Every structure is written in C-alpha cells, then in structure tokens.
1. Charges only on Cβ, +1 for Lys and Arg, -1 for Asp and Glu: so what's the dipole of segment 274-340 about the Cα centre, in debye to the nearest 20?
2. Decide, for segment 189-266, between rounded, prolate and oblate: order the square roots of the alpha carbon gyration tensor eigenvalues as a ≥ b ≥ c, take rounded if a/c falls under 1.5, and otherwise choose prolate if a/b is larger than b/c, else oblate.
3. Contact order normalised by length for segment 74-145, with contacts defined as Cα pairs under 8 Å and 6 or more residues apart; what percent is it?
4. Mind checking the full-extension length gain between Ala388 and Ala155? Use 0.36 nm per residue of separation minus the Cα-Cα distance, one decimal, nm.
5. Towards the positive end of the charge dipole of segment 179-302, with charges on Cβ (+1 Lys, Arg; -1 Asp, Glu), say which of Val200, Ala179, Ala253 has the farthest Cα.
6. For segment 310-411, rounded, prolate or oblate, judged on the Cα gyration tensor with a ≥ b ≥ c (square roots of eigenvalues), a/c < 1.5 rounded, else prolate if a/b > b/c?
7. Give me the one-decimal nm value for the distance between modelled label points at Ser190 and Asp90, 7 Å along each residue's Cα-to-Cβ direction.
8. For labels at Ala253 and Asp116 in the simple 7 Å Cα→Cβ model, what's the distance in nm?
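Every number here is computed from the coordinates shown, using simple stated rules; none is lab data. Just so it is clear, the model here is predicted, and its values are computed rather than measured. Note: ideal-geometry Cβ built from the backbone for every residue, glycine included; neighbour counts use all protein chains shown.
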Amino acid sequence: MKSIDTQVAVIGAGPAGLALARMLAVQGIESVVVERQSRHQLCTAQRAGIVEQPTRDTMHELGVDARMSREGHEHAGFHLRHRRRTHHFDFRSFGGGAAMLYPQHHLVTDLVDAADQAGQPILFDTAVVAIDGHDMPLTTGTSSRAATVQAIGPAGPVRVRAVTIAACDGFHGIGRAHALAVEAAVRTHSRSYPFGWLGVLARTAPDPTEGMYCVSSRGMSLHSSRGAELTRQYLQVPAGTALRDWPDERVWAELRLRSASDDHPPLATGEIIDRTLIAVRSLVTEPMQVGRLFLVGDAAHIMPPTGAKGLNLAVSDATVLSYALGAFFAGAGSGELDSYSDRALRRVWQAQMFSTGMTDLLHTRDDDPHAWRIRCAQLDELVANPDARRALGRLYVGTPFPTPWRWQGNA
Ligand code: APR
Ligand code: PHB
C-alpha cells in the first residue's frame, strides 16, 4: 500500500479543501488533498457563482484572484421584481464592498492551477473510505501523525498519515458521517422545505446583468448571468419533481410568467445547454470538531441556495481553521483549535439566518394566502425602507471573516 506522511490530510478538493491547503502552504504547513472526482469533473460542474467581498479579499491575499478580477463581474447588489415592478438594490453605497459574479468551478480551477504551480499534492480520482485515529491525543512532531485516512486511488489503496484531518468533503462525504458515528455529542440541526430549485444554463444575453429575484404567486424565479452571452436561471419547483417534467418550453414559459413586469420587456429565451435540480435545505452539524477531525464547509453545513453563501462559508471556515492550525504548529498549543468550532459556527448561523430569511421571503408556499400577503408586506417594506436594505446588504455582500488574519502579512 502506498503511504504518505503529512501534517494535515485534507479530504475533498472543493473550495473548502483547496482554500485550506493554500492557506496552510502560505504558513509553511504541509498538506495532502485527496479528491474522489477527476480533475475534469471537479473543474467543470456548474455550481453557484457569488463571491462575497471577504472571499474576494481572501483570494487576493492568497494570490489566486487574477482571472476572477479580469473575468468576474462586480455584483454590487441585485434586482428584485415584486408587484410587476423592478427595484434595484445597490449595496456599494453602504460601504461593505461588492460581491463578484464568478462561477464556482472557475474559482476551483484557479485554486487547482495555483496548487500545481506551488507543488501542492492533490490526489485526484482517489476516494477516502475510512478515517482512523481522530481520538488520539493531539501533539506536534512527526511521531504525532496518528490520524489516518484510507483511500482507494487509480493505482490501488493509499494511506495518508497526518497530525490532523480536515474533512472538506461536502454534504455526501465521509467526514460528517464519521463524526456523527463516533461522537454522541455531535448533532445535526436541520430544516427542510417543500420545494427545490431547477437551475438552467442558457444561451441568452443577461438583462439585467446583475442578478434578479422575481417574486410571484407561482413561485420564485432567479435570473443570473455567466458572462455576456450566457445566463444561469433558477425556478422554484416542487420537491420531488424530475428533470423530465421540465422540457425547455415549460421552463421558459414558467420563467417568463414569474418574471413578467410592467417596466421591462419580456425575458429573452434561447437554447438551454445544462439543467440541474438543486435541493433546498438547511443543515448544521455541531460541534465541527471531533478530536483531530475537523469539519469544514459543506461537510458541516448546508445552506439553502438563496444568496449563494455555501462557497463563501467554506472559505471562511477554512480561514478560521488554518489560523488555528497555524497557531498549533507554531507551538502555541491547541487553544485556537479548540475554539475553531465556536468561532466558525457564529458566522455559519449568521449565514443560516440570512439564507433562511431570504428563502422564506422569496419563495411561495402553496395554499397559504395569509403568508403570501405577509410576504408582500415585508417586500413592500424592504423596497421602501433604506434601513431594511442596509441590513440586508451587509449580509448579502458578506460580513468579515472571524479572524484577524491577513495572508500577505504572514506569507
Ligand atoms: N473522498 C474524497 N473526496 C471526497 C469524498 C471522499 N470520500 N467525498 C466527497 N469528496 C469530494 C467531492 O468530490 C467534492 O469535490 O469533496 C469535495 C467537496 O466539495 P464541495 O461539495 O464543493 O464542498 P465545499 O468545498 O465545502 O464547498 C462549498 O458550498 O453550497 C456549496 O456549491 C457550493 O460546493 C460549494 C460548497
Ligand atoms: C448564481 O448565479 O448561481 C446565483 C446567484 C444568486 C443566488 C444564487 C445563485 O442567490
């Protein structure tokens, strides 16, 4: 069996795992990233695309923002269509900066390229099948590499021995399942919704170029872009619907009905080149640590997709953990590591509060005319009240990450 020794074994090469490995490398801490998918699969899957200002700043400090700065589109706010009128929310005037519309798989590609250039090992096509030693007392030094992940790669079994393990392996990974299985104190808090999203990629020009949420008694629609000639559009659909229920004509008819307004021409239609069903759910697993095993990003929490917080939380968790690992490997003891979960969870729950609130506000539940009228009143208030917009804008653009860390200063 192939065996590799390192300081941190990172399971998963999504935004959480790749950002973490980069943040550790900047501090001179070794890691090995183990990823189940091929490089091609990882770098091409359509995901969300909102990069918050603090995530942009972090990517800049890590030296991986060149393409994002060139090709991304500043997304300083959004449009909201309500009662057939279009309202623009511009959060720049509130001083919190601007988010960037930049597809997640491009950011992942940039991080993989940067890892290549830096000689950071990523084992693609290698699935972790077991985690051991999470409960061994945590000490520094090479003899302390008592935590292991067992994986199966293209050339057979691989074992990575490490001081700590970062499970950055998403919602379907092994990390959360392991934490729940070995430690009764680990709990999952979740909320389900009777709807999901259908996401399509279409060859049409975005109009408006910033994202637009449309509220309708038929359900929410969201119109976002992927450059000058591609749009990414989402429809609220009943939970359990199947892709075959949504032929192109039905998708466009529904998108057009939900986005109909008295102040803009109807939505342009075009060829649909990709379609995905996206679950809408809220889930947080806490604490995000069991001994030497740390849960990071989607491995610990799933946000409803409204507001696109998942990628950003993955990077903020990675920031908190890398800061704590930096202190630990510098000999400062395990105090910061012990605080990882509490510190990360404050921002996680803040994002849950935001995404859950946005989800409740924008989606329509069947057979509840009272709730529909209350939502209309809330939306009227949001449109009319600058203080309500400011509060929303602060959370939409992204609140600061919960560490004083600045990468350039520490490189
Ligand atoms: N072994 C190795 N890799 C694994 C395993 C395993 N057993 N299980 C899962 N993985 C990999 C997946 O293939 C995936 O590439 O872990 C990675 C997890 O990445 P993401 O799912 O992207 O999760 P994360 O990095 O936390 O990114 C945040 O927020 O809401 C979302 O779309 C958003 O994906 C984004 C996420
Ligand atoms: C996207 O562009 O994928 C997107 C935009 C806004 C959201 C969610 C997703 O709230």
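1. Details: 4 positive and 6 negative charges, 39 e Å.
Dipole about the Cα centre, nearest 20: 180 debye.
2. Values: a/c = 1.58, a/b = 1.51, b/c = 1.05.
Note, shape of segment 189-266 comes out prolate.
3. On the way: 40 pairs, mean separation 14.6, N = 72.
So the answer I get is 20 percent.
4. Fully extending the segment from Ala388 to Ala155 adds 78.2 nm.
5. Ala179
6. On the way: a/c = 4.19, a/b = 2.59, b/c = 1.62.
Prolate shape, in that a/c is at least 1.5 and a/b is the bigger ratio.
7. So the label points at Ser190 and Asp90 sit 4.3 nm apart.
8. Label-label distance for Ala253 and Asp116, simple model: 4.6 nm.
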